[in-house]
Amino acid sequence: MSERPLRSVGSIVRYCGRALSLSWQTNASLTVAFGFFTVVAAVLPAGIAYVGKLIVDAVVQAQGRGDALRWVLVEGGLVVALLAAQRGLSACDALLRALLAERVNEMILEKAVTLELTQFEDSEFYDKLTRARREASSRPMAMVRRSFGLMQNVVSLVAFGTLLVGFSGYAAAVLVLAGVPSFLVEAKFSNDAFRLFRWRSPETRQQSYLESVLAIESYAKEVKLYQLAPLFLERYKNIFKRLYAEDRNLTLKRSVWGFCVGLFGTGAFYAAYAWIALEAVRGSISLGDMTMYLALFRQGQSAVAAALGAVGGLYEDSLYLSTLYEFLEQPSLGVARGTTTHGVDPKDGIRFEHVSFTYPGSSVTALEDINLHIRPGQKLALVGENGSGKTTLIKLLAGLYKPTSGRISIEGVDLAEWDPEVLRARIAVIFQDFVRYQLPVGENIGSGDVRYIGDEERQRVAADKGMAAPFIEGLSKGYATQLGRWFKDGQELSGGQWQKIALSRAFMREGADIVVLDEPTASMDAAAEYEVFERIKALTERQIAILIAHRFSTVRMADSIVVIERGKIIERGSHGELMEEGGVYAKLFGLQAEAYR
Ligand code: ADP
C-alpha cells in the first residue's frame with residue numbers, strides 16, 4: 001500500500017465489485033436484504049444520538065414531563081429497530097456465507113476439471129490451486145461483509161458529520177482525519193501478511209501433504225511398518241514452528257505500530273471532547289447539544305476505526321481474491337479441440353510417426369523418434385525396463401499429453417484433430433495406478449462408461465469379462481457392496497481383486513476399439529494373468545489391444561512385441577522372430593525361463 005496506493009485502491013474497488021456481483025449471482029434477494037439492513041443500521045445511531053439531545057434539552061428546559069418521556073419512548077423504539085437491523089445483518093451474513101463458500105468451491109472444481117494433466121503436475125500451478133482452495137470458503141464472503149460494513153460506517157459517518165457541522169466544520173474534519181495514520185499502518189501490514197501467505201504456499205502444501213500421509217488409511221500400513229510417523233510428525237511440527245515464527249513477528253509488529261498510531265487518534269479525539277465541553281461551559285451550546293456531540297464523537301470514532309479497518313481488510317481480501325481469479329482465469333492448455341468424429345481410413349489403425357516427447361520442465365527426452373504402426377485387431381506387447389517410456393507412450397496415445405514433435409494418428413486422422421469425446425469413448429485404458437474409488441462395487445465398474453454407471457445388467461456383463469463376477473457375488477451385498485474403508489460398511493479387496501475391478505471397468509466401454517492395459521495384472525498370480533490375457537484375446541478379436549507386462553509367458557501371446565529402451569524402440573517382431581534374432585528380448589526371455597526352471 002505504501003508503494004502504490006492508487007493501484008491498491010484500484011484493486012480494492014475492482015475486487016469489491018467482483019465479490020458483490022458474485023454475491024448477487026449467488027443469491028440476489030439475500031444480497032439486497034444485506035444492503036437494506038446495512039443502511040438501516042447505519043442511519044439509526046445518528047438518529048438515536050439526536051433524540052438523546054432532545055431528551056436532555058427537554059429535561060433541562062423542564063417543559064413538562066410529557067415531552068421528555070415521549071422522546072425516551074422514541075429513542076427506545078429506535079434502539080429496538082437498530083437491534084432488529086443488526087440481527088437481520090447477522091442472519092443474512094450466515095446464510096450468504098454458506099451459499100457463497102459453496103459457489104466458489106464449485107467454481108474452483110469446475111475449473112479444475114477442465115485443466116490438462118500437465119497443469120496438475122506443475123508445482124507452481126498446484127500452489128495456485130491450493131491457495132485458491134484454502135481461502136475459497138472465507139475470503140469472498142469476508143469481502144462482501146467488509147464492503148457492506150464499510151458502506152454502513154461511511155453512511156453513519158456522513159450522518160454524524162452532518163450533525164457535527166452544526167457545531168464546527170473543524171470538528172467534523174478531526175473526526176475523519178484522526179484515523180488516517182491508523183489506516184496507512186493497517187494497509188501496510190495487510191500487504192506484508194499477504195506476501196507472507198503467497199511465499200509460503202509451497203510450505204503449507206508440504207504440511208498438508210504430511211498431514212494426509214499421517215492421517216489417510218491407504219498410507220497407514222507403510223507409515224507404521226517403516227516407523228515413519230515420528231519423523232513425519234517432527235517435520236510437520238517444524239514447518240509449523242517456522243511459519244509461526246514469521247506470523248508472530250508480523251503480529252507483534254502490527255500490534256505495536258497499531259497501538260502507537262492509535263494513541264495519536266485518541267489524543268485528537270480527546271482534544272475535540274475538551275473543546276466541546278468548554279463550549280458547553282461557556283454556554284454557547286446547550287447541555288443537550290453537548291450530550292449529542294460527545295455521543296457523536298464517541299460513536300464517530302469507532303465508525304472511523306471500523307471503516308479504516310474495513311479498508312485494510314478489504315485490501316487484504318482483494319489480494320487473496322486476486323489469487324482466486326488468477327486460478328479461475330488460468331487458460332486451459334488444450335484450447336484447440338478437434339472436431340473429427342470419423343477416421344478417413346478405418347483400416348489404418350494407429351500410427352506413431354517420428355514421435356518424441358519430453359515432459360514439461362524435464363531435461364530428459366522420455367520418448368525419442370518412435371515409429372509404430374498398429375493395425376486393427378493387432379495385439380501388441382510393450383516390453384522394457386522401468387522408466388523406459390512405456391507408460392508415456394500410452395499417455396500420448398490416450399491424448400493426456402501432446403507429442404513434443406512428430407505425429408500420432410488414428411485411422412489416418414491426427415490425434416489433435418479428433419473430437420476428444422469421441423476419441424476417449426474409443427479408447428479404454430487401465431493404468432497401473434488405476435483409481436480405487438471409494439464407491440459401491442457396481443459403480444466402481446460402471447464408472448467405465450458414466451452413461452451406464454448405475455446399469456447393473458451392463459455391470460454384470462463387464463464384471464464377467466473382467467473375471468470379477470465370481471468374487472463380487474460372494475460379497476455381502478453383491479454389486480451394492482461399498483468398497484474401501486472410508487465409508488460405513490466398506491469392504492477392502494486384495495490387490496488382485498482390485499485389478500479385476502479395474503479390468504471390468506475397462507470392459508464397460510463396449511464401444512472401445514482400442515484397449516490398453518498397463519500392467520493390469522501385476523498383482524495377480526501367473527495363472528490368473530495368463531487366463532486374463534486368453535480372455536482379452538478372445539474378447540477383443542477385432543480390437544487393438546496394447547499390453548504392458550513383465551511376464552514373458554504372457555508377452556509371448558501377443559502378435560507383435562516392441563522392446564523399448566530409454567525412450568527408443570530397439571527391437572520389434574513376433575515372439576518367434578525376436579527369439580531368432582537373439583537380442584535383448586531373447587536374453588530377457590531366457591533369464592525368466594531359467595528362473596522358473
Ligand atoms: P515405464 O512405463 O516404462 O516404466 P514411464 O513412461 O513411466 O516408464 O517413464 C519414462 C520416463 O519419463 C522416466 O524417465 C520417468 O522418470 C519420466 N516420467 C514419467 N512420468 C513423468 C512425469 N509425469 N513428469 C516428468 N517425467 C516423467
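Numbers for the structure displayed
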{"read-out": "Segment 536-549, residues that are within 16 Å of the ligand (Cβ to nearest atom) and open to solvent by 30 Å² or more (accessible area, probe 1.4 Å)", "value": "none"}
{"read-out": "Helices (runs of 4 or more DSSP H) completely within segment 191-294 that count 3 or more residues being open to solvent by less than 60 Å² (accessible area, probe 1.4 Å) and under 30 Å from PHE160 (Cβ atoms)", "value": "229-282"}
{"read-out": "Members of segment 328-374 found to be open to solvent by 70 Å² or more (accessible area, probe 1.4 Å) and either touching a Cys at 6+ places or on another chain (Cβ under 9 Å) or within 13 Å of the ligand (Cβ to nearest atom) (or both), listed by number", "value": "PRO360, GLY361, SER363, VAL364, GLU368"}
{"read-out": "Qualifying residue in segment 436-443 (condition: of a type outside the set (Phe, Trp, Tyr) and under 21 Å from ILE546 (Cβ atoms))", "value": "no"}
{"read-out": "Filter pass, TYR293 being of a type in the set (Phe, Trp, Tyr) and modelled with pLDDT of 85 or more", "value": "yes"}
{"read-out": "The lone exception for ALA463 - which of (1) touching a residue at least 24 places away in the same chain (Cβ under 8 Å); (2) open to solvent by 40 Å² or more (accessible area, probe 1.4 Å); (3) out of contact with any strand residue (DSSP E or B) (no Cβ under 9 Å at 6 or more places or on another chain) it fails", "value": "(2)"}
{"read-out": "Matching residues, segment 375-421, being β-branched (Val, Ile, Thr), closer than 20 Å to LEU517 by Cα and more than 14 Å from the ligand (Cβ to nearest atom)", "value": "ILE408, ILE410"}
{"read-out": "ALA274, sole failed condition from (1) within 16 Å of GLY52 (Cβ to Cβ); (2) without any contact (Cβ under 8 Å) to a residue 12 or more places away in the chain; (3) not β-branched (Val, Ile, Thr)", "value": "(1)"}
{"read-out": "Candidates LEU69, LEU73, LEU99, LEU82, filtered to the one that is out of contact with any Asp or Glu (no Cβ under 6 Å at 6 or more places or on another chain) and either crowded, with 17+ Cβ neighbours inside 10 Å or closer than 26 Å to SER302 by Cβ (or both)", "value": "LEU82"}
{"read-out": "Scope segment 102-136; condition of a type in the set (Gly, Ala, Ser) and open to solvent by 40 Å² or more (accessible area, probe 1.4 Å); matching residues", "value": "SER123"}
{"read-out": "Verdict on LEU175 being over 29 Å from THR323 (Cβ atoms) and out of contact with any Pro (no Cβ under 7 Å at 6 or more places or on another chain)", "value": "yes"}
{"read-out": "Pairs, first farther than 15 Å from VAL584 by Cα in segment 381-392, second open to solvent by 10 Å² or more (accessible area, probe 1.4 Å) and near the ligand (Cβ under 6 Å from one of its atoms), C-beta under 7 Å, six or more apart", "value": "GLY389/ALA366; LYS390/GLY384; THR392/ALA366"}
{"read-out": "Count - residues of segment 480-506 that are farther than 17 Å from ALA528 by Cα, open to solvent by 20 Å² or more (accessible area, probe 1.4 Å) and in a helix (DSSP H, G or I)", "value": "2"}
{"read-out": "Residue satisfying condition, being modelled with pLDDT under 85 and of a type in the set (S, T, N, Q), within set GLN459, GLN432", "value": "GLN432"}
{"read-out": "Failed condition for VAL429, given (1) more than 14 Å from the ligand (Cβ to nearest atom); (2) within 21 Å of HIS342 (Cα to Cα); (3) open to solvent by 20 Å² or more (accessible area, probe 1.4 Å)", "value": "(1)"}
{"read-out": "Segment 518-535: number of residues that are touching a residue at least 40 places away in the same chain (Cβ under 8 Å), open to solvent by less than 10 Å² (accessible area, probe 1.4 Å) and more than 14 Å from the ligand (Cβ to nearest atom)", "value": "1"}
{"read-out": "Scan of segment 566-583 for residues that are in a helix (DSSP H, G or I) and buried (at least 16 other Cβ atoms within 10 Å of the Cβ), ordered by number", "value": "HIS575, LEU578"}
{"read-out": "Sole exception among (1) touching a Lys or Arg at 6+ places or on another chain (Cβ under 8 Å); (2) surrounded by 15 or more Cβ atoms within 10 Å (Cβ to Cβ) for PHE552, by number", "value": "(1)"}
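Let's see how each residue does on (1) among the aromatic types (Phe, Trp, Tyr); (2) touching a residue at least 12 places away in the same chain (Cβ under 8 Å); (3) under 25 Å from PRO331 (Cα atoms):
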residue: LEU89; (1), (2), (3): no, yes, no
residue: LEU95; (1), (2), (3): no, yes, no
residue: LEU99; (1), (2), (3): no, yes, no
residue: ILE108; (1), (2), (3): no, yes, yes
residue: VAL113; (1), (2), (3): no, no, yes
residue: ASP127; (1), (2), (3): no, yes, yes
residue: ARG131; (1), (2), (3): no, yes, yes
residue: SER137; (1), (2), (3): no, yes, yes
residue: PRO140; (1), (2), (3): no, yes, yes
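The values are calculated or read from the model by the stated rules, or taken from the named source; none is laboratory data. Model, not experiment: these values are computed from the prediction. Because the Cβ atoms are built from the backbone with ideal geometry, glycine has one as well, and the counts that use them run over all protein chains shown. For the accessible areas, the whole protein counts, side chains as well, though only heavy atoms, and no ligand, DNA or RNA atoms are used. Shrake-Rupley method; radii C 1.70, N 1.55, O 1.52, S 1.80 Å.
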